[in-house]
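Taking it in order: structure first as structure tokens, then the write-up.
The values are calculated or read from the model by the stated rules, or taken from the named source; none is laboratory data. Just so it is clear, the structure is predicted and the values come from calculations on it, not from any experiment. Virtual Cβ from ideal backbone geometry, glycine too; neighbours counted across all protein chains shown. To get the accessible areas, we keep the full protein, side chains included, count just its heavy atoms, and leave off ligands, DNA and RNA. Shrake-Rupley method; radii C 1.70, N 1.55, O 1.52, S 1.80 Å.
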Amino acid sequence: MADELQARVSRVSVYPVEEYDAYVANHPLATPYHYSCWLTAVERAYRHTGWLVTVHRGSILCGVLPLVEIKTPVGRSNLISLPFCDLAGVLADDCDVRHLLLAEAQSLADTNRAGGLEIRQGGAALEELDLKSVSGSPKVRMLSSLPSDATALFQSFKPKLRSQIRKAEKNGLTSEVRKDLDAVEQFYNVFAWNMRRLGSPVHSRAWFRELKQAYGDQMLVGLVFLDDQPVGAGIVLLAGSKACIPWASTLEKYNRLAPNMLLYWALLSHVCERGCTSFDYGRSTLGEGTYRFKKQWGAKPYELVWSKWQVEKRVESEPERSGHQSGVSRLRPIAEEIWRRLPLAVANWIGPKLRRYITL
């Protein structure tokens with residue numbers, strides 16, 4: 001029958017991505033991460049296989065689910081939608097399509113003998129929930145709406161925030177928003193230094209180059225300079241009227257000059273003038289420092305609901321807010337301290353070899 005739902009599982013490298021990206025572009029819940037660009041960059045930079053689960057009604061595409069298969073050196077692989085970002089997950093016309101997409105994803109995990117399947121979705125605004133019921137330290141997605149122009153955006157900020165932006169400029173900092181590959185290189189130098197300071201393995205330089213190649217002009221690089229030296233940098237991905245900032249860093253010794261304030265203002269004002277109406281500040285822990293930083297720009301918390309299926313047991317874990325854990329590993333602070341002591345060149349060489357398997 002013409003209206004019968006038909007599911008299909010394909011490698012992203014063989015699927016007609018023009019059809020896929022057109023569907024993503026017209027779906028209200030789509031994010032910049034949903035586009036085939038993300039899957040393409042993952043395959044090229046880290047050699048993880050990208051998959052597309054799609055559902056057609058007749059000849060009309062009516063649902064998609066992007067997945068990446070992460071194969072580690074030991075143990076079984078995992079299918080994730082999507083790694084290295086906060087969310088992607090199902091985009092569907094209706095509940096029937098959604099259920100079929102998830103069923104096909106579970107079948108793919110079973111066929112590939114994967115250890116598990118993880119779907120990362122966005123959830124409701126936390127204002128709609130009973131905040132007293134939020135226990136522990138959950139991770140939330142911080143989103144804000146943008147006005148029609150940068151002047152209106154600046155006037156919407158509280159006086160203290162406007163003063164901090166002006167302070168950065170008075171301190172001699174300047175900013176640029178660029179699209180060229182050399183800007184990606186300058187971003188990486190700041191980012192890699194900051195990740196070593198945080199005690200965390202850094203993404204490869206190739207990862208960001210491949211992202212730039214895939215997203216083209218839909219990937220912006222914000223840079224903040226003191227004289228000719230980059231002291232702050234961030235990346236923004238665009239999709240229609242939506243913008244997100246997956247990475248931002250500053251050099252700690254210059255933080256007294258407020259480079260982070262100028263960096264975010266440069267990027268926010270730029271995307272606002274481009275016609276973007278929403279800005280995703282990324283994941284933060286409810287109530288902590290980065291949460292408060294993003295909140296001052298007008299961002300509000302939304303749930304991140306991550307669902308996991310254990311393939312062998314064929315059962316779904318209870319959906320949970322990202323970041324809920326039974327306890328923090330005692331080894332993590334030790335590992336972070338050791339990492340901070342590594343020479344930068346060593347950290348930048350070892351880091352990407354580990355980071356390609358760290359899906360957050």
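Translational D (Stokes-Einstein, µm²/s) of region 201-270 at 10 °C and 1.306 mPa s when Rh comes from the Kirkwood sum over C-alpha pairs? Kindly include the intermediate steps, with their values, before the conclusion.
Details: Rh = 12.9 Å.
After rounding, the answer is 123 µm²/s.
Please name which of 142, 74, 159 has its Cα lying farthest along the dipole of region 51-184 towards the positive end, using unit charges on Cβ (Lys, Arg +1; Asp, Glu -1) and the Cα centre as origin.
Ranked along the dipole, the leading option is 159.
Which of the peptides 345-357, 188-200, 80-92, 158-170 is most tightly packed, and how do the rest follow, judged by the mean count of other Cβ atoms within 10 Å per residue? Display every interim value, and only then the final one.
Working: 345-357: 15.8, 188-200: 19.4, 80-92: 23.5, 158-170: 13.9.
Most protected by this proxy first, the peptides run 80-92, 188-200, 345-357, 158-170.
Hey, got the dipole for the chain? About the Cα centre, +1 on K and R Cβ, -1 on D and E Cβ, debye to the nearest 20?
Computed about the Cα centre, the dipole is about 1620 debye.
Using the Cα gyration tensor of region 186-305, with a ≥ b ≥ c the square roots of its eigenvalues, what is the shape: rounded (a/c below 1.5), prolate (a/b larger than b/c) or oblate (neither)? Numbers along the way, then the final one.
Values: a/c = 1.31, a/b = 1.11, b/c = 1.18.
Rounded, since a/c falls under 1.5.
In debye to the nearest 20, how big a dipole does region 132-210 give about its Cα centre with +1 on each Lys and Arg Cβ and -1 on each Asp and Glu Cβ?
On the way: 15 positive and 7 negative charges, 116 e Å.
Rounded to the nearest 20 debye, it is 560 debye.
Rounded to the nearest 0.05, what FRET efficiency do residue 111 and residue 59 give with R0 = 22 Å and r taken as the Cβ-Cβ distance? Could you check? Show your work: numbers first, answer last.
On the way: r = 26 Å, r/R0 = 1.17.
Computed FRET efficiency for residue 111 and residue 59: 0.30.
Would you work out if region 124-275 is rounded, prolate or oblate? Take a ≥ b ≥ c from the square roots of the eigenvalues of the alpha-carbon gyration tensor; rounded if a/c is under 1.5, else prolate when a/b is larger than b/c, oblate otherwise. Let's see the in-between values first.
Values: a/c = 1.32, a/b = 1.18, b/c = 1.12.
Because its axes are fairly even, with a/c under 1.5, region 124-275 counts as rounded.
Please list the radius of gyration and Dmax for region 199-241, considering alpha-carbon atoms only, with Å as the unit.
Rg, Dmax (Cα atoms, Å): 12.6, 35.
Given a Förster distance of 35 angstrom, what is the FRET efficiency for residue 252 paired with residue 27, based on the Cβ-Cβ distance and rounded to 0.05? Before the final figure, lay out the partial values.
Numbers: r = 40 Å, r/R0 = 1.14.
Rounded to the nearest 0.05, the efficiency is 0.30.
Once you put a point 7 Å from the Cα of residue 359 and another 7 Å from the Cα of residue 4, both along the Cβ direction, what distance in nm separates them?
Inter-label distance under the simple model: 3.3 nm.
Tally the DSSP beta bridges in the chain and give the antiparallel ones as a percent, rounded to 5. Don't jump to the answer; show the numbers that get you there.
On the way: 65 of 72 bridges.
Antiparallel: roughly 90 percent of the beta bridges in the chain.
Taking the DSSP beta bridges in region 185-295 as the whole, what percent of them are antiparallel, to the nearest 5? Display every interim value, and only then the final one.
Working: 15 of 18 bridges.
For region 185-295, the DSSP antiparallel bridge percentage is about 85.
Could you state the angle between the C-alpha long axis of helix 36-46 and the longest principal axis of the C-alpha atoms of the chain, as a value from 0 to 90 degrees rounded to the nearest 10?
80
How long are the three semi-axes of the equivalent ellipsoid of region 8-115, in whole Å, if each is the root of 5 times an eigenvalue of the C-alpha gyration tensor, listed from largest down? Working shown, then result.
Working: eigenvalues 94, 50, 29 Å².
Sorted largest first and rounded, they come to 22, 16, 12 Å.
Give me, ordered by chain and number, the residues 5 or more places off residue 84 or on other chains with an amide H under 5 Å from its own placed amide H.
Amide H to amide H, under 5 Å and 5 or more residues apart or across chains, residue 84 pairs with 360.
Within the chain, what whole-number % of the accessible surface is contributed by carbon and sulfur, with the 1.4 Å probe and all protein chains included in the calculation?
Values: 8650 of 17220 Å².
For the chain, the apolar C and S fraction of the accessible surface comes to 50 percent.
Using only Cα atoms, tell me the angle between helix 159-170 and the longest principal axis of the chain; keep it within 0 to 90° and round to the nearest 10.
70
Would you mind classifying region 73-124 by shape? Square roots of the alpha carbon gyration tensor eigenvalues, ordered a ≥ b ≥ c; an a/c under 1.5 is rounded, otherwise it is prolate if a/b is larger than b/c and oblate if not. List each step's numbers first, then the result.
Working: a/c = 3.57, a/b = 1.39, b/c = 2.57.
Taking the square roots of the gyration eigenvalues as a ≥ b ≥ c, region 73-124 is oblate.
Could you point to the residue in 222, 61, 192 farthest towards the positive end of the chain's charge dipole, with +1 and -1 charges on the Cβ of Lys/Arg and Asp/Glu respectively?
About the Cα centre, the residue reaching furthest to the positive side is 192.
Measure nothing but the geometry: give the 0 to 90° angle between the long axis through the Cα atoms of 205-215 and the longest principal axis through the Cα atoms of the chain, rounded to 10°.
For helix 205-215, the angle is close to 70 degrees.
Given the alpha-carbon gyration tensor of the chain, what are the semi-axes of its equivalent ellipsoid in whole angstrom, ordered largest first, with each equal to the square root of 5 times an eigenvalue? Don't jump to the answer; show the numbers that get you there.
Details: eigenvalues 226, 115, 87 Å².
Working through the eigenvalues yields semi-axes of 34, 24, 21 Å.
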